[in-house]
Amino acid sequence: MAEEKLRLEDLLSTVSRNGVREKIENVAIIGAGVMGQGIAQTIAAAGIDVLIVEKDESYIQNAQESLKNSMEHEISRWGMTQSEMKAILSRIKWTTEMNQMGECDLIIEAVDENFQLKRLIFKKLDEIANPDTIFVSNTSTLSLTKIAEITNRRDKIIGMHFLNPVPIVPLVELVRALETSDKTVQVIKNFAAKIGKTAVEVYEYPGFVTTRCIVPLLNEAMYILLEGVASVKDIDTAMKLGYNFKTGPLEMADAMGLDEVLAWMETLWNTLGEPRYRPCPMLRKLVRERRLGKKTNEGFYKYDSEGRIVS
């Protein structure tokens, strides 16, 4: 009886008076793509246990290999040690069963930028998760308020828009939906600080800050290439040397994933209707041909198996 009482007190200590779980010790992530892997690595590096959920074992195996290769690349650059990699991987578990997320303190959705898919996921999560658990979406352009409508915890829905590569970029945008509570915002701000991110609070609007600013730049660079003004390499060199960019816009688009960049542009074009967001035909062509950037080893550039530009 005494042991049961202690466990109950421990559980209650993680929940605030208004029903939001404050103490985050284990996190579930839905989606093991590039962003999901980066988010998992970042959280695990902060000493927090992570459960990654994917739709089948083949996706899990590919993601495990990709994550390990990415960290081994960091080791080769002296950005990480073998022991750090082992510690991070030991904190990450993998599953295809969504029901295993039921007891997690925080759940982060990091699937493709598909509104209906995200709604379906949040509906399922609302059924299996504890009522005090906060749900996070990594969406960069979609309406969190509309996604939250499918749940019974609209005050506990918030966006964390991470930027790629997640373990390196120190920023995260915290996106407040219409009914997101102040308590939820504060809990996620504290969590962001714990995993080493500077949180910038933004209100829901297509593209938020970072995506809305970067998309016109990427798009204009593509139009400059389409019009034959300069080559891919020279466009990127001009922006790197002329404006102190670490990465040129076309290489940046390749790293983001050209299919993702196209999805952002189409959402902004459809919702805001401004010409600067109208996707360049060259981008559409590359995506049709499945030349999606680094993840397919070809986009505006060609890449080797280590992700280095070869041409």
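Each reported figure results from applying straightforward, stated rules to the coordinates on display, with no laboratory input. This is a predicted model, so every value here is computed, not measured. With ideal geometry, Cβ positions are generated from the backbone for all residues, glycine too; neighbour counts draw on all protein chains shown.
Within the option set Lys123, Lys183, being within 30 Å of Leu258 (Cα to Cα) and assigned to a helix (DSSP H, G or I) holds for one residue only, Lys123. Annotation: Leu120 fulfils all but one of (1) buried (at least 17 other Cβ atoms within 10 Å of the Cβ); (2) under 19 Å from the mean Cα position of the chain (by Cα); (3) farther than 19 Å from Ile43 by Cβ; the unmet one is (1). For Lys295, are the conditions met, namely being in contact with a helix residue (DSSP H, G or I) (Cβ under 8 Å, 6 or more places away or on another chain), assigned to a loop (DSSP other than H, G, I, E, B) and under 24 Å from Asn138 (Cβ atoms)? Taking the combined requirement at face value, the residue does not satisfy it. Give the residue that is surrounded by the most Cβ atoms within 10 Å (Cβ to Cβ), with candidates limited to residues of region 141-171 that are outside any helix (DSSP H, G or I) and of a type in the set (Val, Ile, Thr). Among them, the one singled out is Ile157.
In region 38-68, what residues are in contact (Cβ under 8 Å) with a residue 60 or more places away in the chain and of a type outside the set (Gly, Ala, Ser)? Before you say what the answer is, go through the steps one by one.
Start the filter on region 38-68 by keeping residues that are in contact (Cβ under 8 Å) with a residue 60 or more places away in the chain, which leaves 38-39, 41-43, 45-46, 48.
Within region 38-68, Ile39, Gln41, Thr42, Ile43, Ile48 meet the criteria.
Would you be able to say whether some residue in region 86-96 is in contact with a strand residue (DSSP E or B) (Cβ under 7 Å, 6 or more places away or on another chain), of a type in the set (A, V, I, L, M), in a strand (DSSP E or B) and within 19 Å of Arg176 (Cα to Cα)? No: zero hits.
The residues of region 225-247 that are under 14 Å from Phe300 (Cβ atoms) and under 29 Å from the mean Cα position of the chain (by Cα), listed by number, are Leu225, Val232, Lys233, Ile235, Asp236, Thr237, Met239, Thr247.
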